[in-house]
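*Asks:* Would you mind keeping the following structure in view while I ask a few things?
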Amino acid sequence: MEHEAPDLVCQLDSVQGMVDALTAVRWKRYQDAVLELSEHGVVLIVEETCCLQAKVYLQRELFIKYEYRAQGRPRFGVSLGLLVDCLNTFSVPGHSSVIEIQYPGPDMQLLLKSIDSLDACIYAEIRTRIPDTISWDYSFESAGGTPLSFTVKAAALKEAIDDLEWPGSSIQITLQPALPSVSFKGEGHGDLQVDFMYYANTDLLIAFSCDREVSYRYKYKFLRATTSNMPSSVIRDNRGSKLTIGRGGMLKVQHLVSVARLSAPHTHIDSAGYQHPSRIAYIEFFVKPEKDGND
């Protein structure tokens, strides 16, 4: 019998870019993920204890080929660690490997194979499963008319959060409009606070939007997960990470990861050094506050 046409057949010319994006949301060794397919691209979702959720958006423009035939939006579960480790076998340092991804295979597998070499072919099958949980509804809504947000260099954000570690502690994030600033405060055997002053260093705190003082606390281990696994190559790019506080204190942390082909010409990069949006993977973390803050 002939098998039905797969829901998705796509080709990617930057495996390392995808590895970097998925590694950024891998905060523990054994971690399940849900992949959702659509005509617009692929979304990978991971979460923990209904307090932390991350999404990696791989838009169809990232792929050099994207053939989507499914009705609706197929979803399937997969081991995130296994997927990242498998993709790493296709990644050759200094070389932009091209792979083809297909779903589903004859036994509902996720199929991967290299297609840019005439001498050899790497082929992999990853077993998938039916998701046994439904992603929680984070319901991120704006906290009012003026967005409560700021953009800070990714390296500085990671360093600040790493410095605030106290065993079992929480981190209080405070935005103050009078003296435009953002403070991260950790408590343990003592207090430690990191301040980002907007007017003092606009190269560090790139953007700031706040019309009233707000303060919320977040579990340290969840806040740390938003930056701790970002690859050094992503940190070195010095892109800004945007943090937004929504209604009820929901924290959204957004990162951008380059998925540009290493050998690609610079037509995707403008005079200011920004890559074309089609070569960027978008990563979003959602962290629930530990308790109600002052709003």
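What follows draws every value from the coordinates through simple rules; no lab data is involved. The model shown is predicted, which means the values in this text are computed figures rather than measured ones. Reconstructed Cβ throughout: ideal geometry from the backbone, glycine too, with neighbour counts over all protein chains shown.
*Asks:* Could you put Glu4, Glu39 in order, starting from the residue whose Cβ has the fewest other Cβ atoms within 10 Å?
*Replies:* The order, fewest Cβ neighbours first, is Glu4, Glu39.
*Asks:* Which one of Ser209, Thr227, Phe196 has its Cα pushed farthest toward the positive end of the charge dipole of region 194-235, where Lys and Arg give +1 and Asp and Glu give -1 at the Cβ?
*Replies:* Thr227
*Asks:* Does anyone have the angle between helix 154-163 and the longest principal axis of the chain? Alpha-carbon axes, 0 to 90°, nearest 10?
*Replies:* Helix 154-163 sits roughly 60 degrees off the main axis of the chain.
*Asks:* Sort Met197, Met230, Met18, Met108 by Cβ crowding within 10 Å, fewest neighbours at the top. Don't skip to the answer; put the middle values down first.
*Replies:* Details: Met197 16, Met230 22, Met18 25, Met108 12.
In increasing order of surrounding Cβ atoms, one gets Met108, Met197, Met230, Met18.
*Asks:* Right, next: Just need the relative contact order of the chain here, percent rounded to a whole number, with Cα pairs under 8 Å and 6+ apart.
*Replies:* Worked out over the chain, it gives 22 percent.
*Asks:* Could you tell me what fraction of 2.2 N^0.38 Å the Cα radius of gyration of region 20-173 comes to, as a two-decimal ratio? Write down the numbers at each step before the final one.
*Replies:* Working: Rg = 18.5 Å, N = 154, 2.2 N^0.38 = 14.9 Å.
Rg over 2.2 N^0.38 Å, computed on Cα atoms: 1.24.
*Asks:* Let me ask you something else. Nearest 10 degrees is fine. How inclined is helix 80-90 to the longest principal axis of the chain, computing both from alpha carbons?
*Replies:* The angle comes out near 60 degrees.
*Asks:* Diagonalise the Cα gyration tensor of the chain and give the resulting equivalent ellipsoid semi-axes, square root of 5 times each eigenvalue, largest first, whole Å.
*Replies:* 36, 22, 17
*Asks:* Can you put Val92, Val15 in order, fewest other beta carbons within 10 Å first? Intermediate values should be presented prior to the final figure.
*Replies:* On the way: Val92 13, Val15 23.
The order, fewest Cβ neighbours first, is Val92, Val15.
*Asks:* Under 27 Å Cα-Cα from Lys65, which lysines qualify once same-chain neighbours fewer than 8 residues away are excluded?
*Replies:* Cross-link targets: Lys55, Lys113.
*Asks:* Run the dipole for region 8-126 about the Cα centre, Lys and Arg Cβ at +1, Asp and Glu Cβ at -1, nothing else charged, and hand back the magnitude in debye, nearest 20. Mind dumping the intermediate values first?
*Replies:* Details: 10 positive and 15 negative charges, 54 e Å.
That gives region 8-126 a dipole magnitude of about 260 debye.
*Asks:* Could you work out the pair-distance distribution P(r) of region 48-106 from its alpha-carbon pairs, with 5 angstrom bin width and percents rounded to whole numbers?
*Replies:* All Cα pairs considered, the percentages come to 3, 10, 16, 26, 22, 12, 8, 2.
*Asks:* Now for a different question. If R0 is 45 Å, what FRET efficiency do you get for Asp237 and Arg212 from their C-beta distance, rounded to 0.05?
*Replies:* About 0.85, to the nearest 0.05.
*Asks:* If you don't mind, there's one more thing I want to ask. Could you work out the relative contact order of region 1-84? I mean the mean sequence separation of Cα pairs under 8 Å and 6+ apart, divided by the number of residues, in percent. Don't jump to the answer; show the numbers that get you there.
*Replies:* Values: 125 pairs, mean separation 34.7, N = 84.
The normalised contact order for region 1-84 reaches 41 percent.
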